[in-house]
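Q: I'd like to ask some things about the structure below.
Each reported figure results from applying straightforward, stated rules to the coordinates on display, with no laboratory input. Please read all numbers here as calculations on a predicted model, not as lab measurements. Cβ atoms come from the backbone with ideal geometry, glycine included; neighbour counts cover every protein chain shown.
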Amino acid sequence: MTIRSDSPGATELSSQEKLESYGYKQELKRSVSTMDLLIYGLIFMVPIAPWAIFGTVYNASAGMVPLVYIIGLVAMIFTALAYAQMAKSIPLAGSVFSYVRRGLNPTFGFFAGWAILLDYLLVPTLLYVFAAESMIGIFPGSAR
């Protein structure tokens, strides 16, 4: 195993060696491609989300909805870049749980893991509820 250093003669750890340095043995084949992740992200974002919150964003931004979404896009790009760096530094399953656990404290990691799990469950649910409520005007005969 080699140790990464900023000196010119040092070499970088291979991905397998990096995993082993965390006490992790790779048992499953890594088969999720970038395209798979992109499609998953688009599906998780719930394509109907803008429909559900458009009115609120329109009123709060005085009609400048595209600007709001562009600012949100910039913020999300920085978030994605931060996640990419964390995934490169700590290549373990668990996302936020692993990053916070290794970076701060196992207790904080526990709470961060549960918080992101609740986010994954509640945000899509709430978006579907808001979208259904906002579509009552288009489909007045539908049940609530």
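Q: What are the extents of the Cα atoms of segment 52-126 along their three principal axes, in Å, largest first?
A: Largest first, segment 52-126 extends 44, 25, 17 Å along its Cα principal axes.
Q: For helix 106-134, report the angle its Cα long axis makes with the longest principal axis of the Cα atoms of the chain; keep it between 0 and 90° and round to the nearest 10°.
A: 20 degrees
Q: Oh, and also: Between helix 34-44 and the chain, what is the angle of the helix's C-alpha long axis to the longest principal axis, kept within 0 to 90° and rounded to the nearest 10?
A: That helix lies at roughly 30 degrees to the long axis.
Q: Which log10 I(q)/I(0) values, to two decimals, does the chain give at q = 0.09, 0.13 Å⁻¹ under the Debye formula with one point per Cα?
A: Taking Cα atoms of the chain as identical point scatterers yields -0.46, -0.83.
Q: Not counting the cut sites, what is the longest span of the chain without GluC sites (Glu not before Pro) that DSSP labels loop and that have at most 13 other Cβ atoms within 10 Å?
A: Counting at most 13 other Cβ atoms within 10 Å as exposed, the longest clean stretch of the chain is 28-144.
Q: To the nearest 10 degrees, how steep is helix 49-60 against the longest Cα principal axis of the chain, on a 0 to 90 scale?
A: 70 degrees
Q: At 222 nm, what helix-only mean residue ellipticity would the chain give, in deg cm²/dmol to the nearest 500, using -39500 (n - 2.57) for each DSSP H run of four or more?
A: Calculated from helices alone, the mean residue ellipticity at 222 nm is -21000 deg cm²/dmol.
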